[in-house]
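The values are calculated or read from the model by the stated rules, or taken from the named source; none is laboratory data. As the structure is a prediction and not an experimental result, all values here were calculated from the model. Here Cβ is always computed from backbone atoms with ideal geometry, including for glycine, and neighbour counts include all displayed protein chains.
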Amino acid sequence: MSVFGPVVKIHPVVLASICDSYERRNEGASRVIGTLLGTIDKHSIEVTNCFSVPHNESEDEVAVDMEFAKNMYELHKRVSPTEVIIGWYATGFDITEHSVLIHEYYSREATNPIHLTADTALQSGKMNIRAYVSAQMGVPGKTVGVMFTPLSVKYIYYDTERIGVDLLQRTRMTPGRTKGLTSDLSQVAGSASRVQDMLTTVLAYIEDVLSGKVTADNSVGRFLMDLVNKVPTISAEDFENMLNSNINDLLMVTYLSNLTQAQIALNEKLVLL
Amino acid sequence: MASTAGTLDSPVKQIQIEGMVVLKIIKHYQEEGQGSEVVQGVLLGLVVEDRLEITNCFPFPQHTEDDADFDEVQYQMEMMRSLRHVNIDHLHVGWYQSTYYGSFVSRALLDSQFSYQHAIEESVVLIYDPIKTGQGSLSLKAYRLTPKLMEICKEKDFTPEGLKKANIGFEHMFEEVPIVIRNSHLINVLMWELEDKSTVADKHELLNLSSSNHLEKSLQLLMDRVDDMSQDIVKFNTYSRNLSKQQQQKHQYLQRRQQENAQRQSRGEPQLPEEDINKMFKPPQPPPRMDTLLIAGQVNNYCQNVKEFTSQNLGKLFMAEALQGHN
């Protein structure tokens, strides 16, 4: 389907905040709404922060605490002055009429706000995250309505964010959903084992192709050639030299830092005698 | 500099952080902290048995010059009040700070953590190291002041005698509390979703072989600190030398006095009055030892970091060797 409008890039921080505020909603509230903060580019809107806004919703009316929203935005602006209100979010699957009213309010705060929905109730078995922008529709002059047109959503990460998300991903595996932070060589070992897993998958595929179970795919074959050629061919002597000098550097640094630690411990003992 | 929490009877044995808090801290540094400035923020949560659960956090704005009358307390109060409206735990349980290559043991940190811990017993300071994180693994550590150090800070007695009494070394200043990351089920669902839709290539920075840049900077900081330390040692040495010289002088003066008095006695003249010795020989000011402790702690921290880094790199080098061996 052709998409009209800018691409919406979301940071995982925003989604995590939305889920968290959904979990903390008041009794009886079926959904949560809040403001989205971020930056607008020429072709994309980047959503970097959000905060939830208390609101009451019943059959016929909806009340949103505007004062609160303004206040929170001021506070947030003090920390990151580059973020502006770019829209609002709501949990839940559908877009109700109340949404239209709320959207109207937000269009007073920001030009062309986007509306983000995250289906935290998992109605369709998945958490659908969609973004919309409003467009006028109907017969001009007579009944005019508002239509929400969908936008394409992408997730972007900073490098460090990706590493954080990586760690969080691993909490999925453990029962109790907890994960401690490891350090030192075990991390390298973990990373290496992951690469090893990937290599085993590739090897299994190659075996299948060789034994004829799977038809060979040329593009995959080219990738494999790339992979094998990536290991640089250096003469054994040169490599030996490089390796030894690097190892020497590292060992020297280790020795020096151990020495320093022993020195300060000694100094401590002498002073406190 | 840090001993594990199992040895001390602190009220908090473990810290449990929500995944969202981790992401928020990372994002705060990324957006506002470029250029080796520290970013700070407040941690919110609650205490459950012997665990400290951190469920939310909010950042502190930077100290800028044009905000001279910026009221930090007011900002904090307003933030907490607003968060209470949306059912977020508003109990202060600590604060976080980013660090540059591991240099965070400073007077400012000590003072802040002391005031926090004095007010709230279980509070911790979370140190987030963005450069180490950028190298492939999340570096987040939680520290508290040991009870001994709390005592000393309370009395503000930083003289060498005071520290000797308390028997504190730089290893007993901070204690590290183990951290565990916990996610709710809904966040788990989110993680599955992200993994599904995410198109980011899986980079393995952790297996990166280049080390000289990082090592250089770390060693430079280490050298600076060691220089500071040696200056401090020189100061202390001059002080103790002055002290012993003064003792000698006092001794000599007393002896001369006694001799004179003995002579006068033998001559029958009135003795000279005993003068107040202390007024004549004012003892030199003992240098405050707190800075030395801090510097020692910092040096220790740098050394630990460097050792960790080198051990990882050694492992990687050997792996590279194995890979080449098959070529």
query = Is at least one residue of region A:161-178 part of a loop (DSSP other than H, G, I, E, B) and modelled with pLDDT of 70 or more?
reply = no
key: Every residue from region A:52-83 that is more than 8 Å from chain B (Cβ to nearest Cβ) and either surrounded by 15 or more Cβ atoms within 10 Å (Cβ to Cβ) or of a type in the set (Gly, Ala, Ser) (or both)   = A:HIS55, A:GLU57, A:SER58, A:VAL62, A:ALA63, A:VAL64, A:ALA69, A:TYR73, A:HIS76, A:LYS77, A:GLU83
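Sort out which residues of region B:221-255 are charged (D, E, K, R) and touching a Phe, Trp or Tyr at 6+ places or on another chain (Cβ under 9 Å), and write them in order of number.
Looking only at region B:221-255, we keep the residues that are charged (D, E, K, R), and these are B:224-225, B:227-228, B:232, B:235, B:241, B:245, B:250.
If the condition is that a residue be charged (D, E, K, R) and touching a Phe, Trp or Tyr at 6+ places or on another chain (Cβ under 9 Å), then B:ARG225, B:LYS250 are the ones that fit.
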task = Give me a count of the residues in region A:44-59 that are free of Cβ contacts under 8 Å to residues at least 12 places away in the same chain and over 15 Å from A:ILE102 (Cβ atoms).
result = 1
key: Some residue of region B:60-79 being in contact with a helix residue (DSSP H, G or I) (Cβ under 8 Å, 6 or more places away or on another chain), assigned to a loop (DSSP other than H, G, I, E, B), at pLDDT 80 or above and of a type in the set (Phe, Trp, Tyr)   = yes
ask   = What are the residues in region A:192-215 that are surrounded by 12 or more Cβ atoms within 10 Å (Cβ to Cβ) and out of contact with any Asp or Glu (no Cβ under 9 Å at 6 or more places or on another chain), if any?
value = A:ALA192, A:VAL195, A:VAL202, A:TYR205, A:ILE206, A:ASP208
Within region A:84-128, considering residues that are touching a helix residue (DSSP H, G or I) at 6+ places or on another chain (Cβ under 7 Å) and within 21 Å of A:ASP41 (Cα to Cα), the one surrounded by the fewest Cβ atoms within 10 Å (Cβ to Cβ) = A:ILE85
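Looking at this structure, is A:LEU199 modelled with pLDDT of 80 or more and among the aliphatic types (A, V, I, L, M)?
Details: modelled with pLDDT of 80 or more: yes; among the aliphatic types (A, V, I, L, M): yes.
Yes, satisfied.
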request  = Go through B:SER198, B:SER244 for me and flag whichever is modelled with pLDDT of 70 or more and at negative phi.
outcome  = B:SER244
query = Of the conditions (1) out of contact with any Gly (no Cβ under 7 Å at 6 or more places or on another chain); (2) within 14 Å of chain A (Cβ to nearest Cβ); (3) at pLDDT 75 or above, B:GLN255 fails just one. Which one is it?
reply = (2)
query = Looking only at residues in region A:22-43 that are of a type in the set (Gly, Ala, Ser) and without any contact (Cβ under 8 Å) to a residue 60 or more places away in the chain, which one is nearest to the other protein chains (Cβ to nearest Cβ)?
reply = A:GLY34
query = Do the conditions hold for A:VAL231, that is, is it under 30 Å from B:ILE168 (Cα atoms) and either touching a residue at least 24 places away in the same chain (Cβ under 8 Å) or at the interface with chain B (Cβ under 7 Å from one of its Cβ atoms) (or both)?
reply = no
key: Residue check, B:GLU72 within 27 Å of B:GLN298 (Cβ to Cβ), within 13 Å of chain A (Cβ to nearest Cβ) and surrounded by fewer than 16 Cβ atoms within 10 Å (Cβ to Cβ)   = yes
query = Which is in contact (Cβ under 8 Å) with a residue 24 or more places away in the chain, crowded, with 21+ Cβ neighbours inside 10 Å and of a type in the set (A, V, I, L, M, F, W, C), of B:LEU46, B:LEU110, B:LEU52?
reply = B:LEU52
query = Does region B:209-218 hold any residues that are surrounded by fewer than 16 Cβ atoms within 10 Å (Cβ to Cβ) and in contact with a helix residue (DSSP H, G or I) (Cβ under 8 Å, 6 or more places away or on another chain), and which are they?
reply = B:LEU209, B:SER212
note = Result of the Cβ filter at 7 Å on region B:222-233, keeping first residues that are facing another protein chain (nearest Cβ under 9 Å) and partners that are assigned to a helix (DSSP H, G or I) and small (Gly, Ala, Ser), at least 6 apart or interchain, is B:MET229/B:ALA296
note = Residues in region A:216-246 that are of a type outside the set (S, T, N, Q) and not in a helix (DSSP H, G or I) total 5
remark   = Checked against (1) within 13 Å of chain A (Cβ to nearest Cβ); (2) modelled with pLDDT under 80; (3) crowded, with 16+ Cβ neighbours inside 10 Å, B:PHE104 satisfies every condition except (1)
query = With respect to A:ILE18, is the statement that it is assigned to a strand (DSSP E or B) and of a type outside the set (Asp, Glu) true?
reply = no
